[in-house]
Amino acid sequence: MTDYVVETGKALPLGAVLTGRGVNFSLFSRHAEVVTLVLFDSAEKDSPRREIKLDKQKNKTGDIWHYHVNGLAEGACYLYRVDGPYAPERGFRFNSRKGLIDPYAKALAGMGEWDMTESLGYDPEDPRGDLSCSTRDNLQVQPRGVVVNNTFDWQGDLPLNYPLRFSVLYETHIRGLTAREGSGAEHRGSYRGVIEKIPFFKELGVTSLEFLPLQEFNDREYPRMNRTGKILGNYWGYSTAAFFAPKASYASDPRPGAQVREFKEMVRELHKAGLEVILDIVFNHTAEGNERGPTFSFRGLDNPIYYILNENRRYYQNFSGCGNTLNCNHPVVRNLIIDCLHYWVTEMHVDGFRFDLGSILGRDQQGRLMENPPTLELIAEDPVLSHTKIIAEAWDAGGAYQVGWFPGGRWAEWNDRFRDDIRLYWRGDPGQTRHLATRLSGSSDLYLRDGRKPFHSINFVTSHDGFTLRDLVSYNRKHNEDNGEDNRDGSDNNYSANNGSEGPSIDLVVEQTRERLMKNFIATMMISLGTPMLLGGDEMGRTQRGNNNAYCQDNDISWYDWSLPQKNSGLYRFTKEMIAFRLRHHGFMRPEFYTGRDGNYNAIPDITWFDEHGSTPAWEHVGYCMAMRVDGSRADIQADKDDNDFFIMFNADVKKVIFAVCEPLEGKRWVRAVDTALSAPEDILPPGTEKELLYHDRYTVQARSMVILISKTL
């Protein structure tokens, strides 16, 4: 191996950074006694290596260990050995036999064959369990960091940063999007496969792609067999191994470091097409798990700093439900989080983040929820991130539930109250109509009180976690037998209904009802104040065969079936037209909540509620029907935009209902734009083709359907 010339190096920036003369390596560890840099000739398992022990006097500034290796170039692979006390009862789990991944590594190599049992810091055969210290050396089989050159021809690209209220989010999985044969993509299951689907996204009309986790994780982390003997793994990716590193297996080029270039290519081409990139990021825990988990990075670098430990410091606080909890409000971890977000925004050009189990970022170093969490406030107030979307999953597995109360200022939130209330209403549960009205009007009960706006509510009916839209209307209960856990996993609270038979049906009436309900859900999302999020594949009727927890299904249960847009062309067309309907009507993207008062413009309230008889609803006693009139004048004062007026009718009853239609403004008339009970193409009519009403003062709304009327000048 080359005998490199080495120098003292610099403490900052952390990570492995090209300097022009070589590479500067910098690593934090407060309690380590010895740090050794391990350089490999290549990414191959048995490649030669050189180990360089860092001098505690020369190569350490404060708690930062650093070294400069002259002549080293991009593509170089490296790990660390870190020695110190192995004393789990005191929270220390140093083991110099285990190769450790740099938390700031920008790419990893060797993930495809990673056997995490080789990374156990204890001897699993020892009856003392994790109190024992493993003597097995794993450097040759451990995934390695890769030195990355961040130089890239961005061709003038910058993050798009659309305002939330003008956004329509589309949650999808990089691999699942094009992995199936017949996807039409040359580079299936990859970043480049996403590029090949840009024409589809443009036709659909969404503005922003929200990708499930793509920071490096181990697909083989949870090996188990399903009932047919097939090996299952980690498909969703909510178990991060390296926060700065894009997943290598999503690149079509297998060479180490190519994943960084291909990710950047994907972002650049999506931006050219006007599509944002939002990353689902998992700062609440890591893949090292509980005390029985592997030691591959944070645990072996400084366990009591990176994780929240129990009073008995052998054990971990588990607010994530995944074995450990990242110590997010420790200053060192807080800096890592901010550095990571800065990297993805400045170097990778992403437009936003969705923070998985975001409430954990608001827990202190003992695990208690904080009133003013510094990490959440720092993210919200950070000047680099000031235009970046920040979206919280405002709960965690430790009992925190902060929807409507998420601290830190400008955070948007996944609104599960919207999801549940809309599901219950369209399922036909009694007493849900007043909740529907609250969700349609931006969830002011949640967001008005702390000064946030309607667009801070991320409105969704389905997401990766749970039923797809097709399954929501096709199954009464979950069917997760293929996960190999005897159907015990996944939520039982789905608020779903099969509408006549469990699963696929050849009954035409059942299928028509299901399609009508899917259109209701999509239309309701698109006319509600807030920011709509569509689960990828719902627009084409994608099914997971009743599986509501497909985290381990890297197969056709999860992969998109690209024959569906043609097979379910009516649903696909309706979704596409409904997205376009929303984006051309500022009345549904207004920046402020409805007041129920007139704006001294047309002397009518901005929103008026009716029962089916045209009277003011008695909300405590209202049935399954409701109508709303929305005044479009000055709908968007900030943009000085007027819009049409709207009269929208909802009927969750099992029988048709004749609604009284209020008078339009003088010189206007109502025309039908949407009726979900009708078949395509009559169910939604493009602008200029809307239909006159047969009777101007009433409209028959069919069972379990909704109708949108808009005002037109006579």
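Every read-out reported here was derived from the displayed coordinates using simple, explicitly stated rules and does not represent laboratory data. This one's a predicted model, so the numbers in the text were calculated from it and none came from an experiment. Note: ideal-geometry Cβ built from the backbone for every residue, glycine included; neighbour counts use all protein chains shown.
With the simple spin-label model, which puts each label point 7 Å out from Cα in the Cβ direction, the Arg584 to Arg227 separation comes to 4.8 nm.
Relative to the longest principal axis of the Cα atoms of the chain, the long axis of helix 508-527 makes an angle of roughly 80 degrees.
For the range 377-442, a Kirkwood radius taken over Cα pairs fed into Stokes-Einstein (4 °C, viscosity 1.567 mPa s) yields D = 94 µm²/s.
What is the angle, in °, between the Cα long axis of helix 331-346 and the longest principal axis of the Cα atoms in the chain? Nearest 10 is fine, range 0 to 90. Once rounded, one gets 60 degrees. Only one residue of Thr8, Ser496, Gly431 has its Cα farthest out toward the positive end of the dipole of the chain, where Lys and Arg carry +1 and Asp and Glu -1 on Cβ, and that residue is Thr8. Lysine pairs in the range 593-713 whose alpha-carbon atoms fall under 23 angstrom of each other, counting only those eight or more residues apart or on distinct chains, come to 6. So, R0 is 35 Å and r is the distance between the beta-carbons of Trp405 and Thr151; what FRET efficiency does that work out to, to 0.05? For R0 = 35 Å, the calculated efficiency reads 0.20. Annotation: the residues Lys60, Lys53, sorted from fewest to most other C-beta atoms within 10 Å of their own C-beta, follow the order Lys53, Lys60. Each peptide in 522-530, 625-633 gets a packing score, the mean of other Cβ atoms within 10 Å over its residues, and the list from highest to lowest is 522-530, 625-633. Note on the range 562-714: Rg/Rh from C-alpha atoms, Kirkwood Rh, equals 0.97. Considered as an equivalent ellipsoid built on the Cα gyration tensor, the range 6-146 has semi-axes of 26, 19, 11 Å, the largest given first.
A simple charge model with +1 on the Cβ of Lys and Arg, -1 on the Cβ of Asp and Glu and nothing else charged puts the dipole of the range 460-506 at about 260 debye relative to its Cα centre. Among the trypsin sites (Lys or Arg not before Pro) found in the range 228-297, those both in a DSSP coil and sparsely packed, with 14 or fewer other Cβ atoms within 10 Å of their Cβ, are Lys230, Arg292. Taking the range 327-359 and a reference point 7 angstrom along Cα→Cβ of Asp63, the backbone N atoms nearer than 14 Å belong to 327-337. Principal-axis analysis of the Cα atoms of the chain puts helix 569-584 at an angle of about 90° to the longest axis. Residues of the range 450-478 with the amide nitrogen closer than 18 Å to a label point 7 Å from the Cα of Phe200, along Cα-to-Cβ, please. Residues 463-464, 468-471 qualify, since their backbone N sits under 18 Å from the label point.
Relative to its Kirkwood radius, the Cα radius of gyration of the range 554-624 gives an Rg/Rh of 1.20.
Under a plain spin-label model, where a point goes 7 Å from the Cα along Cα-to-Cβ, how far apart in nm are Glu381 and Val509? According to this spin-label approximation, the distance is 6.2 nm. Provide the FRET efficiency to the nearest 0.05 for the Arg90-Ser42 pair, computing r from the beta carbons and using R0 = 35 Å. With a Förster radius of 35 Å, E is 0.35.
Distant-in-sequence amide contacts of Thr61, defined by a placed amide H-H separation under 5 Å and a gap of 5 or more residues or a different chain, comprise His66.
Available extension along the chain between Asp137 and His696 is 193.2 nm, counting 0.36 nm per residue and deducting the alpha carbon span. Here Leu12 and Asp450 are evaluated by their C-beta separation; at R0 = 41 Å the FRET efficiency comes out at 0.65.
Think of the range 415-584 as a dipole: +1 on every Lys or Arg Cβ, -1 on every Asp or Glu Cβ, centred on the Cα centre; then among Asn459, Leu448, Leu472, Leu448 lies furthest on the positive end.
Semi-axes of the equivalent ellipsoid of the range 260-300 are 34, 12, 6 Å, computed as sqrt(5λ) over the eigenvalues of the C-alpha gyration tensor in descending order. Near Gly500, once Lys and Arg are set to +1 and Asp and Glu to -1 for all other residues with Cβ below 14 Å from its Cβ, the sum equals 0. Which of these values of Rg and Dmax of the Cα atoms in Å was calculated from the structure shown: (i) 28.5, 89; (ii) 28.1, 96; (iii) 27.3, 89? Of the listed options (i) 28.5, 89; (ii) 28.1, 96; (iii) 27.3, 89, (iii) comes from this structure. Residues within the reach of a label modelled at Glu592 (point 7 angstrom out along Cα to beta-carbon, backbone nitrogen below 18 Å), restricted to the range 430-453, are 441-445, 447-453. Overall, the chain carries a charge dipole of about 240 debye about its Cα centre when +1 sits on the Cβ of Lys and Arg and -1 on the Cβ of Asp and Glu, all other atoms neutral. Partner lysines whose Cα lies under 20 Å from the Cα of Lys197, excluding those fewer than 8 positions away in the same chain, are identified as Lys247, Lys264, Lys272, Lys567, Lys576.
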